[in-house]
Amino acid sequence: MALLQPRPDACASTPVAPELRVDLDAVARNTRHFVGHTRVPVMAVVKADGFGHGAVSVARTALTHGATWLGVTSLAEALELRHAGIAAPVLSWLNPVGTDFGPAAAHRIDVGVPGRDHLDAVAAAAAPGEPARLHLHVDTGMTRDGCGFDTWPELVRAARDLERRGLIEVVGVMGHLACADEPTHPANAAGKRAFDAATDLARAYGLRPRVIHLAATSATLTDRSTHHDLVRVGAGLYGIDPSGTTRLAGALTLVAPVVSVRTVGAGSAVGYGHTHRTARRTRLALLPLGYADGLPRAASGLAQVAIRGRRCRVVGRISMDQIVVDTGHLRVRPGDVATVFGPGRDGEPTVAEWAHWSGTIEHEIVTGIGARVRRTESAATPLLRSIL
Ligand SMILES: *Cc1c(COP(=O)(O)O)cnc(C)c1O
């Protein structure tokens with residue numbers, strides 16, 4: 001965020017250092033896809049600095065293109081949005097019980113509550129005459145965040161009592177599915193049943209939550225019965241579909257300038273541990289980014305980048321600050337631009353490929369780009385022009 005330097009023409013210029021280019025138009029298109037796919041409001045999930053894309057810019061883009069809520073984990077993330085002047089409803093669902101919840105009430109930020117201790121902490125921070133807005137979070141079978149079923153009745157009863165005293169308002173009930181990326185997984189049906197039972201119980205105890213929400217990206221795309229009153233979309237905004245059912249637009253391009261180029265003979269050992277030896281006389285290019293910048297070391301020996309429109313293998317171990325690329329007989333020169341990953345339209349590697357090479361998921365690649373990589377962004381097409 002601090003490093004974000006908007007430059008409308010950024011994508012046209014030649015980088016002098018590694019640069020992460022955020023295509024907000026892709027975020028806008030993805031947002032519109034979800035808005036058109038459901039009849040209920042869309043919450044844009046912008047946690048972890050908007051999955052590494054810039055929380056404030058993504059939030060503004062998503063709101064302009066039809067999302068009406070924002071979702072984050074920590075209260076600090078929510079406050080960053082408010083301090084940027086964003087007034088839309090914001091839900092923050094993961095905070096230690098010792099968090100100062102006063103600013104949540106003061107800035108009309110909804111908080112997720114997974115148990116009694118949190119309920120009491122949030123209620124204690126409510127200002128007189130202004131009940132704290134909260135969403136009770138039930139564990140629908142993930143055994144991670146959320147209130148277990150055994151203590152749910154007690155939580156609901158306590159919330160009702162605090163609501164009657166005017167200290168809190170139970171705005172919503174939320175759950176989260178563990179296996180929604182596999183639409184036929186039996187845990188989905190079980191999770192939905194548990195969620196229905198939990199919301200029924202909340203109503204039976206006298207609560208009137210208006211915003212019932214369960215679905216994240218995968219369930220939004222694959223199962224309308226999970227949509228309820230709101231869908232919480234994170235990954236999908238950034239072009240990631242864990243369910244593998246929908247083509248969305250990747251929004252990130254990571255580029256780096258070639259620092260130096262050398263011709264070496266056959267049998268040259270490259271990098272730490274000499275894990276690679278050149279098979280023939282070839283040209284090696286050095287790029288100034290490594291695992292400190294988010295290129296997983298686990299991708300050593302597998303990864304590729306694109307230079308001058310051609311795929312080139314990353315050879316030897318990925319170091320902290322640098323990688324070596326075998327460019328064969330390409331006429332590569334210092335200052336040429338390598339594309340580490342991008343949306344794939346020009347044959348460059350994608351985030352999905354980097355995830356595959358690293359034995360991880362796309363989420364981890366996009367959220368892992370290091371702080372010293374300069375961020376630039378290109379603006380979304382104005383809404384009117386994008387519709388015409
Ligand atoms: C991250 C998160 C989301 C968004 O999930 P995606 O699969 O990225 O859409 C929704 N709800 C909760 C509770 C989350 O932690």
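The values are calculated or read from the model by the stated rules, or taken from the named source; none is laboratory data. Predicted model only: the values in this text are computed from it and were never measured. Positions of Cβ are backbone-derived with ideal geometry, glycine not excepted, and every protein chain shown enters the neighbour counts.
I'd like the full set of residues that are farther than 16 Å from V72 by Cα, surrounded by 15 or more Cβ atoms within 10 Å (Cβ to Cβ) and either of a type in the set (D, E) or within 16 Å of the ligand (Cβ to nearest atom) (or both), limited to the stretch 83-117. Selection gives G115 alone. Filter the stretch 222-256 down to the residues that are farther than 23 Å from E353 by Cα and in contact with a Pro (Cβ under 9 Å, 6 or more places away or on another chain), then identify the one that is nearest to the ligand (Cβ to nearest atom). Across the stretch 222-256, the extreme among qualifying residues is V231.
As an exercise: evaluate V261 against (1) over 30 Å from D49 (Cβ atoms); (2) without any contact (Cβ under 8 Å) to a residue 60 or more places away in the chain; (3) aliphatic (A, V, I, L, M) and give the number of the one condition it does not meet. All conditions pass for V261, except number (2). Within the set A306, A298, A285, the sole residue that is at pLDDT 95 or above and outside any strand (DSSP E or B) turns out to be A298. With respect to the stated conditions, I240 is closer than 30 Å to N188 by Cα and either under 17 Å from the mean Cα position of the chain (by Cα) or at pLDDT 95 or above (or both). Looking at D120, is it over 16 Å from V211 (Cβ atoms), at pLDDT 95 or above and touching an Asp or Glu at 6+ places or on another chain (Cβ under 8 Å)? Answer is no for this residue.
The number of residues in the stretch 275-308 that are of a type outside the set (A, V, I, L, M, F, W, C) and without any contact (Cβ under 8 Å) to a residue 24 or more places away in the chain comes to 4.
Can you find a residue that is away from the ligand (no atom under 16 Å from the Cβ), more than 25 Å from D150 (Cα to Cα) and touching a Lys or Arg at 6+ places or on another chain (Cβ under 6 Å) anywhere in the stretch 194-208? Among the residues of the stretch 194-208, not one is away from the ligand (no atom under 16 Å from the Cβ), more than 25 Å from D150 (Cα to Cα) and touching a Lys or Arg at 6+ places or on another chain (Cβ under 6 Å), which makes the answer no. Here V261 does not fit the description of being touching an Asp or Glu at 6+ places or on another chain (Cβ under 6 Å), away from the ligand (no atom under 16 Å from the Cβ) and in a strand (DSSP E or B).
Taken as a whole, the structure leaves G191 outside the set of residues that are under 17 Å from the mean Cα position of the chain (by Cα), at pLDDT 95 or above and within 13 Å of the ligand (Cβ to nearest atom). Among the residues of the stretch 1-15, just one is under 9 Å from R374 (Cβ atoms) and either modelled with pLDDT of 50 or more or in contact with a Pro (Cβ under 7 Å, 6 or more places away or on another chain) (or both), namely P15. Applying the criterion of being in contact (Cβ under 8 Å) with a residue 12 or more places away in the chain and small (G, A, S) to the residues of the stretch 12-35, the residue that is surrounded by the fewest Cβ atoms within 10 Å (Cβ to Cβ) is A17. Looking at A215, A204, A180, just one residue is without any contact (Cβ under 8 Å) to a residue 60 or more places away in the chain and buried (at least 20 other Cβ atoms within 10 Å of the Cβ), and that residue is A215.
Within the stretch 310-388, considering only helices (runs of 4 or more DSSP H) that don't extend past its boundaries, which have at least 3 residues that are modelled with pLDDT under 95 and farther than 21 Å from A292 by Cβ?
383-387
Within the stretch 55-81, the residues that satisfy the criterion of being surrounded by fewer than 22 Cβ atoms within 10 Å (Cβ to Cβ), within 18 Å of A380 (Cβ to Cβ) and either hydroxyl-bearing (S, T, Y) or within 12 Å of the ligand (Cβ to nearest atom) (or both) are T64, T68.
Among the residues making up the stretch 290-318, those that are closer than 17 Å to E362 by Cα, in contact with a Gly (Cβ under 6 Å, 6 or more places away or on another chain) and surrounded by 19 or more Cβ atoms within 10 Å (Cβ to Cβ) are D293, G294.
Conditions tested, residue by residue: (1) under 22 Å from L94 (Cβ atoms); (2) in contact with a Leu (Cβ under 8 Å, 6 or more places away or on another chain); (3) away from the ligand (no atom under 16 Å from the Cβ).
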residue	(1), (2), (3)
L119	yes, yes, yes
R133	yes, no, yes
G141	yes, yes, no
C147	yes, yes, no
A178	yes, no, no
